[in-house]
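Asker: Structure in structure tokens, see below.
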Amino acid sequence: MAESNTRHASHSPRDPIGNFRKCWIASTADNNLTLHGFRRFKTTHLLNLRFLENEIADMDHIIYQAGLSLGLSASSSDRLGLNHSKRDANVPKISDSITPEFILKLRDLLKQYDEALAAFNGMMAMETFSLLDDEKQSSWRSDLNLYEVYKTRLLRVDLGTRARTDPFQRWLHRYLRAFRYWRLSRKSQNSEEGFGSFSVRHHHRWSYQNTILIADIIGRVTAAAFTAVFLVAPLAILSHESSKNVQLVVISVCILVLSFLVSLFLKVSSFEMMAISAAYAAVLSVFVSNTPARA
């Protein structure tokens, strides 16, 4: 359930003053979550793409049947597999199916489909956070229960894409959202007003959880700590060991473990993985070459 099911909004389109008030508050908020958080409507976007896809598929079928009805021989390689295509029993005349109106409609649908695909791809690459992280916006959605608010995703339009976000940071992001949901679930169970208490907290300070920032900080600190450990620990071990065989074993194990952890927790390409392993091996090999062998 990537997106919650949408019911009637708290302010209907016939209430322009209520809508303006809500939009004005969101557009002048001091918190970045409220100011730059927008719903992505993933399911609705996908549904629109499926509608367009089905319409174009029907027209594509008409085009292929019209092309096959010409009786032309396929190319020698037959890359499209036209010789194995299924032919309809009753194919209308080309003059009846391939009309100027048909061509114009096809162009319009393809343009809408291509633009929608590109826009959806760009939207899905953007950073997201849970609606539950922004208590102010949560209070405006009285039509959603706590779990639906937790599952509803908002886009951070002020941030870059998450194409280079490490898996470790994504795991942190997910667990931080789950922890906030668990904490608010227990709080709503202990409260007589339940989740609806969000909408009446006008005189209290709104609660926020910037999970993107928290996950980024924890991820960077953890990566720095692991880097320090993998540099200091083998040097400390090798400084007390003069046997070349033991040194090679320690270095080999450290390189293998570091390569495995980097490939698992960080989003790196194959070339970057090779460069990191080679650089780390070079650092340790310099230390070994400067250590005198045991007599």
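The values are calculated or read from the model by the stated rules, or taken from the named source; none is laboratory data. What you are looking at is a predicted structure, and each value in this text was computed from that prediction instead of being measured. Quick reminder, even Gly has a Cβ in these numbers, built from the backbone with ideal geometry, and neighbours come from all protein chains shown.
Asker: Just to be sure I understand the filter: pairs with C-beta atoms under 6 Å, separated by 6 or more residues or on different chains, first member in the stretch 46-63 and farther than 24 Å from residue 94 by Cα, second member aliphatic (A, V, I, L, M) and in a helix (DSSP H, G or I). Which pairs pass?
Answerer: Every condition considered, the pairs that remain are 49/116.
Asker: Quick one: count up the residues across the stretch 117-168 that are under 16 Å from residue 46 (Cβ atoms), small (Gly, Ala, Ser) and touching a Lys or Arg at 6+ places or on another chain (Cβ under 8 Å).
Answerer: So the answer is 1.
Asker: Here is a follow-up. Where residues in the stretch 162-182 are part of a helix (DSSP H, G or I) and basic (Lys, Arg), which of them is farthest from the chain's Cα centre (by Cα)?
Answerer: Within the stretch 162-182, the first condition is being part of a helix (DSSP H, G or I), and the residues that meet it are 167-182.
If we keep only those that are basic (Lys, Arg) as well, we get 170, 174, 177, 180.
Values: 170: 9, 174: 11, 177: 15, 180: 20 Å.
Among those residues, the one meeting the criterion is 180.
Asker: Moving to a separate point now. If we scan the stretch 35-47, do we find a residue that is of a type in the set (S, T, N, Q), at pLDDT 90 or above and assigned to a helix (DSSP H, G or I)?
Answerer: Quick first cut of the stretch 35-47, residues of a type in the set (S, T, N, Q) only: 43-44.
So of that shortlist, the ones also at pLDDT 90 or above come out as 43-44.
Applying the additional criterion that residues be assigned to a helix (DSSP H, G or I) yields 43-44.
Checked against the condition, which is being of a type in the set (S, T, N, Q), at pLDDT 90 or above and assigned to a helix (DSSP H, G or I), the stretch 35-47 yields at least one hit.
Asker: With (1) touching a Leu at 6+ places or on another chain (Cβ under 7 Å); (2) modelled with pLDDT of 90 or more; (3) among the aliphatic types (A, V, I, L, M) as the list, and residue 74 as the residue in question, which single condition is left unmet?
Answerer: Of (1) touching a Leu at 6+ places or on another chain (Cβ under 7 Å); (2) modelled with pLDDT of 90 or more; (3) among the aliphatic types (A, V, I, L, M), only one is false for residue 74: (2).
Asker: Quick one: which residue in 244, 267 is in contact with a Pro (Cβ under 9 Å, 6 or more places away or on another chain) and either among the basic types (Lys, Arg) or in the same structural domain as residue 163 (by TED's automatic domain parsing) (or both)?
Answerer: 267
Asker: Out of the residues in the stretch 263-282 that are under 17 Å from residue 232 (Cα atoms) and surrounded by 14 or more Cβ atoms within 10 Å (Cβ to Cβ), which is nearest to the chain's Cα centre (by Cα)? Quick ask: steps written out before the conclusion?
Answerer: Filtering the stretch 263-282 down to residues under 17 Å from residue 232 (Cα atoms) leaves 276-277, 279-282.
Still in the list and also surrounded by 14 or more Cβ atoms within 10 Å (Cβ to Cβ): 276-277, 280-281.
Details: 276: 26, 277: 28, 280: 31, 281: 34 Å.
That would be 276.
Asker: Only one residue in 227, 211 is under 30 Å from residue 137 (Cβ atoms) and either touching a Phe, Trp or Tyr at 6+ places or on another chain (Cβ under 6 Å) or of a type in the set (Ser, Thr, Tyr) (or both). Which one?
Answerer: Values: 227 fails: under 30 Å from residue 137 (Cβ atoms).
None of the other options fit; the residue is 211.
Asker: Do we have residue 174 as at pLDDT 90 or above, under 23 Å from residue 137 (Cα atoms) and outside the structural domain of residue 285 (by TED's automatic domain parsing) here? Break it down into steps so the answer makes sense when it comes.
Answerer: Values: at pLDDT 90 or above: yes; under 23 Å from residue 137 (Cα atoms): yes; outside the structural domain of residue 285 (by TED's automatic domain parsing): yes.
Taking the combined requirement at face value, the residue satisfies it.
Asker: Counting only residues that are part of a loop (DSSP other than H, G, I, E, B) and at pLDDT 90 or above, how many does the stretch 203-239 have?
Answerer: 2
Asker: Checking residue 129 against (1) at pLDDT below 95; (2) loosely packed, with under 12 Cβ neighbours inside 10 Å; (3) under 30 Å from residue 211 (Cα atoms): exactly one of these is not met. Which one?
Answerer: The one condition residue 129 does not meet is (2).
Asker: In addition: Would you point out which residue out of 158, 134 is closer than 17 Å to residue 36 by Cβ, in contact with a His (Cβ under 6 Å, 6 or more places away or on another chain) and either surrounded by fewer than 21 Cβ atoms within 10 Å (Cβ to Cβ) or in the same structural domain as residue 46 (by TED's automatic domain parsing) (or both)?
Answerer: Residue meeting the stated conditions: 158.
Asker: For residue 83, all conditions in the list (1) at pLDDT below 95; (2) surrounded by 12 or more Cβ atoms within 10 Å (Cβ to Cβ); (3) part of a helix (DSSP H, G or I) hold save one; what is the number of the exception?
Answerer: So residue 83 meets the others, but not (2).
Asker: Within the stretch 213-232, can one find any residue that is touching a helix residue (DSSP H, G or I) at 6+ places or on another chain (Cβ under 6 Å), under 20 Å from residue 162 (Cα atoms) and in contact (Cβ under 8 Å) with a residue 60 or more places away in the chain?
Answerer: no
Asker: Restricted to the stretch 45-67, and to residues that are out of contact with any helix residue (DSSP H, G or I) (no Cβ under 7 Å at 6 or more places or on another chain) and more than 30 Å from residue 123 (Cα to Cα), which residue is surrounded by the fewest Cβ atoms within 10 Å (Cβ to Cβ)?
Answerer: 61
Asker: While we're here: Any residue in the stretch 85-114 that is closer than 12 Å to residue 52 by Cβ and outside the structural domain of residue 71 (by TED's automatic domain parsing) sitting within a Cβ distance under 6 Å of a residue that is of a type in the set (S, T, N, Q) and surrounded by 12 or more Cβ atoms within 10 Å (Cβ to Cβ)? List the pairs, counting only those 6 or more apart or interchain.
Answerer: Sorted first by the residue in the stretch 85-114, then by its partner, the list stays empty.
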